[in-house]
Structures are given as structure tokens and as C-alpha cells.
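The values are calculated or read from the model by the stated rules, or taken from the named source; none is laboratory data. Note that the coordinates shown come from a computational prediction; the quantities given were computed from them, not determined experimentally. Every residue, glycine among them, receives a Cβ derived from its backbone with ideal geometry; neighbour counts consider all protein chains shown. Remember, those area values only see protein heavy atoms, side chains included, never the ligands or the DNA or RNA. Shrake-Rupley method; radii C 1.70, N 1.55, O 1.52, S 1.80 Å.
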Amino acid sequence: MKLLAIDTALDACSVAIVADDKVLARVVSPGGKGNAERLLPVLEQARNAAGIALAQLDAIAATIGPGSFTGIRTALATARALGLALNRPVHGVTTTQALAVAAAQPGKPIVAVIDARRGEVYMQAFAAAANGLGAALAEPRILPVATAVAALPAGATVLVGSGATLLRQAAGRDDLLLSPASPNPDPVIVARLAAAQPRPVHPPSPLYIRPPDAALPAVTQPRASLDVTIRPCGAESAELLALLHEEAFAGDAHGEVWNAQSFRELLAMPGALCLLALTGDQPAGFLLLRIAADEAEIITLGVRPRLRRLGVAAALLREGFARLAGAGASRCFLEVAEANAAAGALYAGLGFQAVGRRTGYYAAGGDALVMQVLLPVLSKS
């Protein structure tokens, strides 16, 4: 079986192609910045080295986390796109398991530990085994360093990963051994772990672990705007979108909170487009749109409460307008609660005008204003 493995979850952009026990290609580009731009050239380099066409692959694998939010998305989105285009199964492998396999020593427990910054680490411990890696003692989790120290196995233990030295210093234990293995997953190991899995029924989901609530620094002073990057996203981000939606709409009497399955179904609709706003490497909000012929509609727009009035929603909408206009839409509609003055003002400021009212539109009985914007005007502003 020929299997392609991709990893961009941590501080490298890595691709391997294996055929059963033979490594056909292994390309590792160090440095965690710019993985989204580097991945396709690295993948093509590996394919050329292996001397095969993508159509000859039997399966695809990607690391699903824990790790960098953007890095996880990059590998998974690429793997899922290839799987869809080639009609091949897509496997998911955790970064912690891949790290632990590389560091395994007979008779010693292994702890994969990744520096998550802000005094926290991603951590997963594996039992000792006579050969290879023992069973996982817990699921991957994020812990404060002090809590991680308390969770370490007793006795001689091997630590591997970017947080290994940090954890050993905090623990002050001489029986904690630092593995010389790379702090980044080996794509060959990722491929072999995937090959040992049963054929997946569904594409893998990202393992973000750190929820959006803990992902962004608190905003303590008002600012004119945030530095926001807008990127398209798809079904691979359904779990994240559900978390963001829950945070944005919790306690909103005019709406309901959507789960990950709701987002998968919405994103599967013809003409659906979802945009994700990032500040730094972390999510700030999202916009879900749908286009049909020359008309479009805003299905939902959500911004994390503490990041509102900092330009996130406006940035999402302007990017959405540009994409809709580029796809041939001439106007965009939305419904907004008549009582939601802040949202109404946001939309009016971007050119929306009220064109109707829907009485009793919301489950709680509130009315909705129907608003419209002409896209050619806004797409040039």
C-alpha cells in the first residue's frame, strides 16, 4: 500500500511517501512559519523523489494535533482535499503518538510533551512496554506545567517533544530522561501508524484541545481594530466553528447554538462559503455565506464577545462581499433581530438597507429585519 503522510502541526513542514515497509520519499522543511505556503512544494518534491503520481496513492494521512491551530488546519485541509479528489481514505494520527513512537525505549514509559506556551504543555503519557510503545495512559490534554509535573509516571521515564526540557526542569527529577528524537513528528512514523489503522469511515477531525476560550489573550483596553487575517475553511473546521458559535451566541434569545454536525450539513450545501477570522494564530470569528445564481445570503456571523467592536466582523464581511461579487453575486441578504441594535448598526454601516420585516421570525417571538446590500458597490470600497 502506498501512503502519503503530511505533518505541519508543530515546527516543521514534513511529507513522506511509504510503500509497505519501504520509504519512497521523506522531505522535512524545518521552521513552523509559512507552512501553508510551503506544503504543496514540499509535497511535490516528495512525489518527484518517490517517482509516483498522486493517483497511485492508496491512502493519505495527516497529523491532527495537538499543536498549532493553523498548522493542524493546513495539513488536514490538504489531506482531505486530496482524499476527496482521489477518492482515497484519509487517516488521522496524533502528534503525541508519533513523537512517542520515535522515542520509545524498552521497559520505560514515554511522555510526549509539547510546549503550548503561556505556562502550559500538551501532554500524553504511554505505558512501558518490552518492545515499542505501550498503551496510552490518558488522552492528549493541555495542562499547566505544575499539573503536568504531578501527572508524570513514577520512576525512570522518557520525555520527548518541545516541552520535554521545560517539564524536566520544573519537575527537578534525575530519572526523567530527555529523548534525542526530533521534537517534530517524523512523517514516516505518521505514515506507518496510519497504515496500521483500520480504513476510516469518516475523514479525521482536528484535535485542537485548547478551546477558543483559552486561545486568545484578554483584551483589556479598547483598540481601534485588531490585525485580522481572513481564511476560507470547510468541514474540517466544524468542531471549531461550533465552539465559536456557542461562545458568540450563548444567552442570545434570538438564536440557537449549532453543533458541529449542523455546520457540516450547512457547509455541504451548494454554494456554501465559510470564512474564518484569525488574530495571530488564533480564531476570532467566522462568517457563513451561501450563493445561488446572482444572489447571496448571510447564514450566520459570529465574533467572540471580548473581541467585538474591534473590526473583526467588518473584516469578515468585506472579504465575504469581495468573494461573493467575484463569484457573480450582485446582492446579499440577511435577517437580523430588530431588537439587536448593535448588529443592525454594523450592517447599516457597511451599506445594508432594510427591505422587509419577518414577524415572529425567532423562536422566542422576536421580529427580524430583512436587509440587503448591493455587492458591486461594496466590493470596490
Accessible surface of residue 11 in the full protein assembly, 1.4 angstrom probe, to the nearest 10 Å²? 80
Any idea of the accessible area per residue across the chain, 1.4 Å probe, to the nearest Å²? 45
Scattering curve values for the chain, log₁₀ I(q)/I(0), Debye with Cα scatterers, q = 0.09, 0.12, 0.14 Å⁻¹: -0.60, -0.96, -1.17
Segment 112-213: antiparallel bridges as % of DSSP beta bridges, rounded to 5, reads 70
Once 2, 22 are ranked on solvent-accessible area with the largest value leading and a 1.4 Å probe, the list reads 22, 2
For segment 102-176, state what percent of all Cα-Cα pairs lands in each successive 5 Å bin, counting from 0 Å until the bin that includes the largest distance. 4, 19, 31, 26, 15, 5, 1, 0
Once the convex hull of the C-alpha atoms of segment 8-157 is built, how many Å³ does it hold per residue, rounded to a whole number? 117
At q = 0.15, 0.28 Å⁻¹, the log10 of I(q)/I(0) for segment 69-113 from a Debye sum over equal Cα scatterers comes to -0.54, -0.96
How much net charge surrounds residue 73 when only other residues with a Cβ under 11 Å from its Cβ are counted (Lys, Arg +1; Asp, Glu -1)? 0
In deg cm²/dmol and to the nearest 500, what is the mean residue ellipticity at 222 nm of the chain if only DSSP H runs of at least 4 residues count, each as -39500 (n - 2.57), divided by the residue total? -9000 deg cm²/dmol
Return the single residue from 30, 187, 66 with maximal mean-square fluctuation; model: Gaussian network over the chain, springs between Cα atoms under 10 Å. 30
